[in-house]
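Structure record follows, encoded as C-alpha cells.
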Amino acid sequence: MKRFACFYLSAVLLAFVSPAVMAAAKTIQLQDFRTLIRIESPEFSPDGRQIAFLTVRPDMVHDRYDATLRMLNIADGKSRALVRGMRDLYMPRWSPDGRTLAFIAKVGKQKAQIFTVSAAGGTPAELSDANHGVQQFAWSPDGKTIAYVTPDDSPLSKKERRFHHDLFTIHDDDYLINKPPVPSHIWLLSVKSGKARQLTRGSTSVLEAAPPFGGGVSAPAWSADGCWIVYTQQADANDSDSDRTRIVAVNVATGAEHPISDKTSYEYTPRFAPHGDAIAWLYPHGPGAVSDMDLFVGSASGNAGRDISADLDRNLLADFTWLPDGRGVVVMADDHVGIKLYEQPLHGKGHALNLGNLNALSVTVSAHGVLAVVADGATQAPELYLLRTVNSRPVRLTDFNRGFDAYAYPRSIEVEWRAPDGQLNDGILTYPNGYVPGKRYPLVVWDHGGPEASSSEGFDTNEIGPLRDLFAADGYLVFEPNYRGSDNLGNAHEHAIYRDPGAGPDSDVISGIRMLEKRGIVNEARIAAVGHSYGGYMTGWLISHQHFWRCAVVADGAVDWTEEYELSAAGNLAWTRDSLGGSPWDKQSAALYVSGSPISYAGDITTPTLILSGTDDTTVPITESFALYHALASRHVPVKFIGIPGAHHSPQDPVHRELYYQAINEWVVKYLGG
C-alpha cells in the first residue's frame, strides 16, 4: 500500500476510486480471518537452498492454533509439510550439516521437549527429556551438542507440597504467583547419547520474562568455535525483575562465566558473529531506559562494547541477524507507519532496505547473504519473501493467503501533525469503504499499547487486528495516532513521554483529531476512543479529560500506576519506576503516580465505556479494570465489563480472540450507529 505524506493528494486520489470497483469485491468480515495463515520462524538450510518455516492456522473447533513445519525449495518455489499435528510446535532449527531439523513441541500432557526430524521427512523423534520442559535451544557449531534452557527443580520437596508445607517468600513477582519462583538455566545435551549436563547454575536465571522497554527472550548463542555461549542473565528468578539483566559469556568446557560489559541492567538478545568472537546485543540509547534500543557490539573477551547504531535514530527490535561476512547486521525497526529492515554496518550509519509497501515481521539471512523475510501490508496478508541481496527487491515465495486477495480493503494513508508544544506526530488514517469526498463520517480513534511501539500498516498483525477493516466497513474513519512515547519517529519522540504519561500524549491525540476535523471529514458528534494496554490507559485518560466522546473501549487498560508498580509482571515495575522517575514511595515521583493515573479522574467520566480484561493478566492486572468499572457503575454511567477466561493481556486462543474483537466492534456500532 502506497503512503502519501500529503493529506490533500490522498483525498484527491480517493475521489477517483469508483464505488462500483469497490463493490465488485467482497467486504471482509470478522469470520473471514479464520482462514488466515500466519508464517513464522523462517530458517535457511546451511547450504542456502531450502527454507524451513512454520505455518500457523486457527482451529476454531478445538480452540487452538496448529503449527505445521514446512520446507520450501528455493529453486522451484515448492513447499512440503514436514511435521504436522504436534501441539505447541515452534522454533525450528537446522543442524549444522543440514540433514536434520530440531524443534520444540509437546506430546499429550508432557512438558515441551526437543524433537528432531530428518530433512528428507519421517517420524519426529524426541531428543530431550527435561523434567520441566524446554524453553529455548541452539545447536553447537559442530552439531554434536544442543544447549537448551529449562527451569530448576522447585525448592519445595514433594512431601512438603503434599502436606501443604509450601509457604514461600515473594519478592518482585506478579499478584497471581502461587509457588516459589525458580531460575532457569542452560543445559548441554549430547545429540548422540541423549545425556544432558547442567552448564549454568545458581540464583541468577536465564531471562524468560518480557522486558519493560525493548529486547526480548532469546536462545543461548554459540561462538563460531564452540567454546563459548552467551545469554541474557537476569539477576534473579522474579518475573518483575526483567530489567535487571546483563549479557554473560559462559565457557562451555568449565562453566566459568563473566559479563561482557560493565552494565547490570537492560542488556538483551546477544548474538555471536558468524566468525570470531564479536557479539551484538541491544541496550538503551539513553537518556535512561525511556529511549530507543540501540545495537552494541563487543566480544566474549569482555570488551565494554560500542554503540554501532547511535546514528540510526530508531528503536531496534529484538529480531536481528548478522550478515555472513560479519561486517554488519540486518535489524528491524518501526519507522513512521511501517516496519522496516535496515542494514547496519559495524562502522557508519545504517540504511533501510527496499521492501516497497511491505512491513517486515521476521527476517533471517543465509550463509550466502540471501534474506528470507515474512512480511505483510495493510491490504496484503503475510507471505514469505526472498531478497537475493540486501540491495534487492523482495520476491514473493509463498501463496498461502491468496484467498485474501479477493476482498475489498479500505484505503489508508499516513498523516502528520504537530501538537501545541511543537511535538511532531504521525499516524494512520483509514477511510470508510465507499468514501465520498465532502461527506463527514464518524471517527474511531485507536490508541496503540506499549507505549514503546507504534501503529503500522499491517494485516491483522497489530493490536488493532481486524478492527481497522471492520470499522471501515461500518462506515467509520479510523485514526491511529502514534503519540509521543511511540518508537517510530526517533529517540526524542520516544523519550518525550518521560514523566509525562498522560498530558503530553493527550495533547498529541487531541491535536490530531482537530487536524482531521479541520479537513471537513469528521462528524464531530460521533467520535469513539478505543485502545488496548497503554492504549487502554490513553482511552481512560482521554475520556476523563474530554467529554465529546460518544463511546469508549478500555481493553486490558492500565489506569492506576501504583497497581502497575506493585502487582504486575512483564517488567512493569521497572517501567513505571523508570518512566515516572521513581517509585510510588519516592518524594520526587509519588505525586505523579496519582496525577498521572486515569483512575484519579474516573469520577469525571461520563462516556459509555466497554471494559475488557483477561482474568490471568499479569501485565495489567484485572484489578485495575474492576476499579474503573465500579467508578462508572456506581455513578450510573453506561458501562459493561467483560472478562476473558484465562487470557493474559490479550486472548491467546482463536475463539476468544474473535469474540474479543466482536465485542469491541458491537459496542462501537451500538453508539456510533451506521
Alpha-carbon centroid distance for the pair segment 501-568 / segment 245-316, whole angstrom: 37 Å
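Could you tell me the relative contact order of segment 317-402? Use alpha-carbon pairs under 8 Å, at least six residues apart, and round to a whole percent.
Over segment 317-402, the number comes to 20 percent.
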Quick one: go through segment 87-130 and flag any residue whose amide nitrogen is under 20 Å from the point 7 Å out along the Cα-to-Cβ line of R49. 93-102, 117-122
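Within the set K439/K670; K159/K179; K439/K518; K78/K192; K106/K192; K518/K640, which residue pairs have Cα atoms separated by over 24 Å?
Cα-Cα > 24 Å for K78/K192; K518/K640; rest within.
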Ordered by fewest other Cβ atoms within 10 Å, a rough proxy for footprinting exposure, L167, L355 read L167, L355
Could you tell me which helices of the chain pass both thresholds, a Cα extent of 15 Å or more along their own axis and a mean Kyte-Doolittle hydropathy of at least -1.0, with helices taken as whole DSSP H runs? 503-518, 534-545, 622-633, 654-672
For Cα pairs less than 8 Å apart in space and 6+ apart in sequence, what is the mean separation divided by the residue count of the chain, i.e. the relative contact order in percent? 10 percent
Cut-off is 10 Å between beta-carbons; in what order do Y342, Y660 appear when sorted fewest neighbours first? Y660, Y342
Report the FRET efficiency, 1/(1 + (r/R0)^6), for A525 and Q652, where r is their Cβ-Cβ distance and R0 is 35 Å, rounded to 0.05. 0.40
Express in nm, to one decimal, how much length is gained between V61 and D166 on full extension, taking 0.36 nm for each residue of separation and deducting their alpha carbon distance. 33.9 nm
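Calculate, for R388 and R514, the FRET efficiency according to 1/(1 + (r/R0)^6) with r their C-beta to C-beta distance and R0 41 Å; round to the nearest 0.05.
0.30
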So what are the three principal axis dimensions of the chain from its Cα atoms, in whole Å, longest to shortest? 71, 61, 52
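Per the helix-only calculation at 222 nm, which mean residue ellipticity applies to the chain, given -39500 (n - 2.57) for every DSSP H run of n ≥ 4 and division by its residues, nearest 500 deg cm²/dmol?
On the way: 12 runs with 113 residues, N = 674.
Theoretical 222 nm ellipticity from helices: -5000 deg cm²/dmol.
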Which length gain, in nm to one decimal place, applies between R87 and D142 when the Cα-Cα distance is subtracted from 0.36 nm times their residue separation? 16.9 nm
Find how much the distance from W585 to K78 grows on full extension, using 0.36 nm per residue of separation minus their present alpha carbon separation; answer in nm with one decimal. 176.5 nm
For the R499, K159 Cβ pair and Förster radius 35 Å, calculated FRET efficiency rounded to 0.05 is 0.10
With V107 itself left out, Lys, Arg at +1 and Asp, Glu at -1 over residues whose Cβ is under 11 Å from its Cβ give +2
√(5λ) per eigenvalue of the Cα gyration tensor, segment 317-402, largest first, Å: 21, 15, 10
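Ranked from highest to lowest mean number of other Cβ atoms within 10 Å per residue, what is the order of the peptides 251-257, 624-630, 451-457?
Going by the mean number of other Cβ atoms within 10 Å, highest first, we get 451-457, 624-630, 251-257.
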Roughly how many Å is it from the Cα centre of segment 414-434 to that of segment 614-674, as a whole number? 27 Å
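All of the numbers you see were taken from the coordinates with simple rules; none came from a lab. None of the values given here were measured: they were computed from a predicted structure. Virtual Cβ from ideal backbone geometry, glycine too; neighbours counted across all protein chains shown.
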